[in-house]
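The values are calculated or read from the model by the stated rules, or taken from the named source; none is laboratory data. Everything numeric here is computed off the predicted structure, so don't read it as measured data. Every residue, glycine among them, receives a Cβ derived from its backbone with ideal geometry; neighbour counts consider all protein chains shown. Just the protein is used for accessible areas: all its heavy atoms, side chains included, with ligands, DNA and RNA removed. Shrake-Rupley method; radii C 1.70, N 1.55, O 1.52, S 1.80 Å.
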Amino acid sequence: MGKLNKVSRLAVFVIVLALLIVASRALLFAPKSDHLSSSDATATSSQSFGRGFSNTNPELLGEVADPNYKIRFPKDHYSHDSFDIEWWYLTANLQDDEGNVYGLQWTLFRFRNPNVASENQSIASENSISDWSNEHIYMAHASVHSASQHWFSEKFARGNVGNVGNVGNVGVEQTPFKLFIDDWQWSSATTGLLPAQLIFNTKLISTGEEDSKVADHLNVQLNLSNTGSYVLQGKDGYSIKSANSKHASHYYSAPFINVNGTFTISEALTNSTPSNLEKQIAVKGNAWFDQEWTSQLFDQATLGWDWFSLHLDNGDKIMAFRMRLQGQTDYITGTYIESDGSTTMLMPSELELNANELTAVGNKELPLNWQLKIESKGIDVSIKATKKDQWNPASIAYYEGTVAVSGTHKGKGFLELTGY
Amino acid sequence: MLMASLIIAAAGLSAVLVINSSAKQSYSSEQQFLVPNVTQTITSNSSNLKLTKQDYSVLRVKGFSQLIAVAQTKQHIYTNNQAATQASETTKVTQRRIDFTGIDTFSLLSLPDFLNPVALSEQSNVAAKTISSASDDSNQLIRQLGFGEPIAILHPQLLEQLLGQLPDQQLEPFTTEAGTPLPKFNTFESAALGNDIIMDIADLYRLYPNAELSMLLVVGELSKAKQDRLQESLPNHLQLTNAKGAEQDSELTSSFHLNLMAMALLMFVVCLFIVVNAVNLLLNSRLSWLKICRQLGISRLQLFVVQLLEIILLTLLASFIGVVLGIELAKLASPTVQATLENLYSVEVGFGKVSIIGLLIQVSGISLVGSICATFIPLNKLNHQLAQTKDVPLSLVQQRFWKRIIWLSFVVFAAAAYIILNHAQALWLLLIATALVILSGCSLLLANYPGMLALIQRFIPARFPLLQVSSKQSLALSGKTKIACCAFFIAATSNIGMNLMVDSFRGATVGWLEQRLVADYYIYHNGEPNLSDLAKDTGVNVKQRLENTIPFQGKQVQQFSYPTGELYQQAMAFYDKSKDENLWSEFALGKGVLVNQQFAFGFDYKINDVVELPHPATGEISSYKILGIIYDFGSPYKQVLMPLEMFDLSKSTCCMYAVQGAESNIDLLREKMLTAGLDPEGKLLKTEELLAISMQAFDDTFIITDGLNVVTLLVAALSLACAIIVLMNDVRPQNMLIRSMGVSALKTQLLALFQYLLLCFVALIFATPFGILLSWVLINDINYQAFSWTYPLIISPMKILQIYATSLLVVTVVIIIPIIRAGRRPLIEDIRWVN
Amino acid sequence: MLALKNLQKSYTDAGEKHTILNNINLTINAGDSISIQGASGSGKSTLLHLLAALDKPDSGEILLNSSLDETQTENQDITQFTERQADQYRQFQVGLIFQKFNLIDCITVMENIMLPAKITGKVEHEYIQELLNALGIKSHINKLPNQLSGGEQQRVAIARGLSHQPPLLLADEPTGNLDSKNSDLVSQLLVDTCKQLNTALVMVTHSRKVAMLTQQQWYLDDGSLTRI
């Protein structure tokens, strides 16, 4: 019996020893990631390299819009690197030979991260080829809606790699204008913005049908030509977005763009790969181009905005913009553009823009039904989204879709809702 | 002892299972650097023209948006020296450099499959489904890498190691050598992550501007048309290769894993020997109690069931402890294993995930089977003891019968081993053959113990009567300690075999290196400037080695240049060569080539065979005769040597230069290197230094083997010690008798030691030829099959004697304890006990 | 001569002291034939162990004088022997026979018998032959012990105990494991052989019949040794 106890005692001893060893290792070497993160955060924030899309540090604000600045072309088609945010924005209302309608949007965004700029200058190596970032980050969205389908893609790129940007020398040489991100390209034959060819591809995200085994890649080739003049929004391109003028940008549009092109629907994600399931659709229609640059659009007060671009059947165009701000009344501005290109700036008192109702789309309530009144122009129209779900499910998501105009005037256009 | 040996067995087995499965997980993982579904890679095939950012952006703009850039650099991690006077002074934390990897997360996030946008109206449906795949976790991480504050991702075990290496458990942030803080560490458990820290590529270049853009990953399958278009679009200096090189890696690494597994199993089996003896001891000590139970009417079956249940419970407990210890052991060993695998086989090895339940079940299962089997022998003996059956010695007829059985076993094992060794090629079969060789040795030993001992007895002079008696007692002992002696034999054989193998390898390596390294210095330098040009006015003779990689029969083969001068002709170490006296002139004329063993054995070529190879400069395929097969120890690559004159510097890479000259001229070269921005201290190596470094690396590699050899010997000695303890009671009357004749306690202890050492000595004598045979099998069969190269076996008598001495010393150290304990007992106690 | 003087030996069992030997006095001369009887546990074996310097008494002396040992000129107290001296004493002065386990299994009968003689270096072949003849075991010399019967084994044990010509032979229940026929035979042989060789014999036995064969019969009871 004594021997048995000896064995059990030994077994217990061994077990306890083993557990002690394991426990001590666990205690000694438990990853102190919490502790590490707090100390490390202190260390890194002094030279933070966050890639945030907005700059909320007022000390590092980019160049502010100048009411005295004169917009000149082709110079101002190019990138304004000292401003925090910029976009080149195309929206198009298209239809094919069978009368099917399509809404198309293509946008290239540029964001400037001032922290990166200051740091890079201090430690950038002499070998600039190795440097994989500068202060600019690019994002591009491509969205095409048919009655039942939605193709959408998002791309990201950073400046200084070479796969995104704006090529063409401003001023001296006659290099043709180009905007590109990877193989999405806006290429002009001249130094000017238009005429141009826009090529991009995108992927199906919603079929509206049960069968998901459809060809899901869409390749778009559009020829864009300007049939009218450029329109400087606001006062000579200086566009104020809030009552206290704290939100302002430089903004111009090209609302008289004629479009014709081809949609190629296939299985392969490529610009030109013939496939058995390839289908080609000829499209044509109108497009509206915006370029805007600012450092004052996003701040703590900005809740979002609602933007309209309308092509009336009589050839006139309307741009209406409602800025929603914290603690302030919504600031509504717009521009009435005659068919000959002459413009009338609309101040908040000169137009009424109201959402008639909210429509449930997914888990959101969105104003897809509006009323616009411009008394001086005899405009009292109802603007309705032609398709309910035209939401772009991007990293920063927003609504961008075609609308139909009815009432005193008929037409079509685009509606953009942000901040919902 | 029972628990200890079961725990050791379970721990060893678990550790090896964990190491093997972790490594294999990382090979088979389709993720590379957390990027899923990588099908191909684009890399540079030229040392002059590297992969650049521009190459990348051009390809992306052409529409190849599936390409993701990856940059890498190996760096140490530092921490701010709190005691430093200057702010920028840092202390190194890591012993092994970390593989820093930067991924172009922006491009990755642009892949539609990655971000996977879902229409708003369908989002609620998607949310309802549970998203719990590992790829989603890594996708989240990539998002964080791209958009959030700078972070760096690493495996929790690596972070544990790093924190453990911090001096005094400081929590200073980790930094670069210059003191720049590294990004915040986020841990992520992935089989693909090993000695790696992953971050966004921009962060990597910010911290390490000299990082190399190492490759472009191709994410997802490319259609044939698109692949063709990509090939056409690639500039000349870039190549597209399949990422499924993991298959080739796994062939190479499987031998490593097999080796580990074999060692673990060997250790397990030897531990089982201890279990047999420990259970014997246990039951022996309980014999009186068990006999009382029998007298009380408890049946033998009941007693056996109870004993067996106890063993099962102890085994399960030991397995649990062993698994826990084994996992810790694997963690401890993993940096070494990782480094070994990554350096030897150029694979990426991660920490892997361990399913504790699965491992527990596996190890418990094996341990249970083993310990139950091991318990049967002692239970059988107990059965005899409880049944009061006398341990009657076998009759002559029975003895002859058993002797015949043993001889038959020897013949069967030996024949099977011979057949397999001569006809089989599969590695696992060869390992079985090795085991059969050892088993046949065991049988031979058992069959010949009496004869051998009788022979030795004849040499003991008559004036040592006690020695003579002792040697006869040894003979009797040999019959009772068969298992322990076999365990010792196995340990000794494997010791001799492994030691001879390693020694032969070492000798061959030293000789080969000394022969091949004829130059005074060697320079390792890749890229610009070309050192031949640099050395032009210094008076040194520089021979560069130009290298190509060529496809041959579906594999990538090294095509290296070799100088044809007299000095280098003498330097070549041939395994086999053509009898032709014009060998070197034919080589110089480009009519023939030299190949290494790996090439010859791997593709099954012999001397004078003809091979079709591309010309090193023009790429034109021509026929070449194999003039010689050369030694190339340790290389996993197949190699072809052709004259230097056939190569074109613009087409080939050059990383190595052989330099000859007087010291003063070498100094001139040093100066020129410094001027060119090259570090002569790091790149210019004196041949003696190179030899020393190589042999140090060699010795370091085999430290583990040496350790394992000693451990195996120790275990065998322990097994013998257990057997001795069990037998001590049996021999007590004999010892009492001898002591009663006036022989001192010390003398009887020495005689006892002599008995056991005699047994071991005989086992060693038999182990010697089998050890040599084992060595031969390891070198010429297993090494050949696994690595396609081999080397001559060198049998060193001194080495064998050394092993004899070590083995006997280990046995002495272990068994001296029970012997001394027995000897310390007063004789009167023994007399009383016996009578 | 071996002179036991005032030997005292006791042991403690569960805190209680038991005196086995109480003031024992005995003289053993050369050639004496002595048997010590007593009940089981009376201390007979203990006394024998003291005589063999295997154990030490609590008090008293056992003097070994020159009449037994020609090399010694003065008396030696074997109770004060160091272990080395005790070993030497047993090697040269004493032969021991036990009740069982007297022989080494793995060597032949002859090797068993010769062993003590070889250890001491006192190998006299004629003497050994005489022993073999006296004990009637000549035909067994090449056999192994387990090939002999119990009685034959004890006879071999006697030969082994005497092969190195010790002045004193101590036998502890030499016939205890034998049947009565063999017991008579072996005990007779033991006494006769010792007499023939002039070897002093001290035999412990519980058998009166066996005890009767010796010159002196002593009885150990309650710690006291009395002559019968």
Suppose we keep only residues that are open to solvent by 20 Å² or more (accessible area, probe 1.4 Å) and in a strand (DSSP E or B) within the range B:523-547. Which one would you say is modelled with the lowest pLDDT?
B:Tyr524
Mind checking which pairs have a first residue in the range B:2-20 that is touching a residue at least 60 places away in the same chain (Cβ under 8 Å) and away from chain A (no Cβ under 13 Å) and a second that is part of a helix (DSSP H, G or I) and of a type in the set (Asp, Glu), Cβ under 6 Å, 6 or more apart or different chains?
none
Which pairs do you get when a residue that is touching a residue at least 60 places away in the same chain (Cβ under 8 Å), found in the range A:302-321, comes within reach of a residue that is assigned to a loop (DSSP other than H, G, I, E, B) and open to solvent by less than 10 Å² (accessible area, probe 1.4 Å), reach meaning Cβ atoms under 8 angstrom, with the pair 6+ apart or on two chains?
A:Thr302/A:His247; A:Trp305/A:Lys241; A:Met319/A:Gln233; A:Phe321/A:Lys241
Would you mention how many residues in the range B:732-774 are surrounded by 19 or more Cβ atoms within 10 Å (Cβ to Cβ), within 14 Å of chain C (Cβ to nearest Cβ) and either assigned to a helix (DSSP H, G or I) or touching a residue at least 60 places away in the same chain (Cβ under 8 Å) (or both)?
16
Could you please let me know if C:Val202 is touching a residue at least 60 places away in the same chain (Cβ under 8 Å) and open to solvent by less than 80 Å² (accessible area, probe 1.4 Å)?
yes
Looking at A:Lys412, is it touching a Ser or Thr at 6+ places or on another chain (Cβ under 7 Å) and surrounded by fewer than 17 Cβ atoms within 10 Å (Cβ to Cβ)?
no
Please name all residue pairs, on different chains or six or more residues apart, with Cβ atoms under 8 Å, provided the first residue is in the range B:782-803 and is under 21 Å from B:His423 (Cβ atoms) and of a type in the set (Gly, Ala, Ser) and the second residue is open to solvent by 20 Å² or more (accessible area, probe 1.4 Å) and not in a helix (DSSP H, G or I).
B:Ser788/B:Lys638
Have a look at C:Thr226, C:Thr214 and point out the one that is without any contact (Cβ under 8 Å) to a residue 24 or more places away in the chain, more than 23 Å from C:Ile104 (Cβ to Cβ) and not in a helix (DSSP H, G or I).
C:Thr226
Every residue from the range B:422-435 that is part of a helix (DSSP H, G or I) and open to solvent by 30 Å² or more (accessible area, probe 1.4 Å)
B:Asn422, B:His423, B:Leu427, B:Trp428, B:Leu429, B:Leu431, B:Ile432, B:Ala435
For the range C:11-18, state whether one or more residues are open to solvent by 30 Å² or more (accessible area, probe 1.4 Å) and part of a loop (DSSP other than H, G, I, E, B).
yes
The correct count of residues that are modelled with pLDDT of 55 or more, assigned to a loop (DSSP other than H, G, I, E, B) and more than 10 Å from every other protein chain (Cβ to nearest Cβ) in the range A:158-180 is 4
Of the numbered conditions (1) at pLDDT below 90; (2) aliphatic (A, V, I, L, M); (3) under 15 Å from the mean Cα position of the chain (by Cα), C:Ala134 fails exactly one; give the number of that condition.
(3)
Scan the range A:361-410 residue by residue and report those that are part of a strand (DSSP E or B), of a type in the set (Gly, Ala, Ser) and closer than 24 Å to A:Ser349 by Cβ.
A:Ser382, A:Gly407
Please count how many residues of the range B:474-520 are under 17 Å from B:Asn780 (Cβ atoms), of a type in the set (A, V, I, L, M) and open to solvent by less than 10 Å² (accessible area, probe 1.4 Å).
2
Hey, any hits in the range C:140-155 for a residue that's of a type in the set (A, V, I, L, M, F, W, C) and assigned to a helix (DSSP H, G or I)?
no
Name the single residue that is surrounded by the most Cβ atoms within 10 Å (Cβ to Cβ) among those in the range B:665-685 being touching a residue at least 60 places away in the same chain (Cβ under 8 Å) and over 26 Å from B:Asn548 (Cα atoms).
B:Leu669
Of C:Lys100, C:Lys118, C:Lys122, the only residue that is under 26 Å from B:Lys472 (Cβ atoms), part of a helix (DSSP H, G or I) and open to solvent by 10 Å² or more (accessible area, probe 1.4 Å) is C:Lys118
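To keep it simple, each residue is scored yes or no on (1) open to solvent by 20 Å² or more (accessible area, probe 1.4 Å); (2) in contact with a strand residue (DSSP E or B) (Cβ under 9 Å, 6 or more places away or on another chain); (3) away from chain C (no Cβ under 14 Å).
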residue: B:Trp789; (1), (2), (3): no, yes, yes
residue: B:Ile794; (1), (2), (3): yes, no, yes
residue: B:Lys799; (1), (2), (3): yes, no, yes
residue: B:Ile803; (1), (2), (3): no, no, yes
residue: B:Ile831; (1), (2), (3): no, yes, no
residue: B:Val834; (1), (2), (3): no, no, no
So for the range A:403-416 (the condition being within 14 Å of chain B (Cβ to nearest Cβ), under 30 Å from B:Gly148 (Cβ atoms) and among the charged types (D, E, K, R)), does at least one residue qualify?
no
Got a number for residues in the range A:317-347 being in a loop (DSSP other than H, G, I, E, B) and more than 14 Å from A:Tyr230 (Cα to Cα)?
6
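Rundown of residues vs (1) outside any loop (DSSP other than H, G, I, E, B); (2) assigned by TED's automatic domain parsing to the domain that holds A:Gln149; (3) among the hydrophobic types (A, V, I, L, M, F, W, C); (4) at pLDDT 85 or above, yes/no style:
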{"site": "A:Ser249", "(1), (2), (3), (4)": "yes, yes, no, yes"}
{"site": "A:Pro255", "(1), (2), (3), (4)": "yes, yes, no, yes"}
{"site": "A:Thr264", "(1), (2), (3), (4)": "yes, yes, no, yes"}
{"site": "A:Thr273", "(1), (2), (3), (4)": "no, yes, no, no"}
{"site": "A:Ile281", "(1), (2), (3), (4)": "yes, yes, yes, yes"}
{"site": "A:Gly285", "(1), (2), (3), (4)": "yes, yes, no, yes"}
{"site": "A:Asp290", "(1), (2), (3), (4)": "yes, yes, no, yes"}
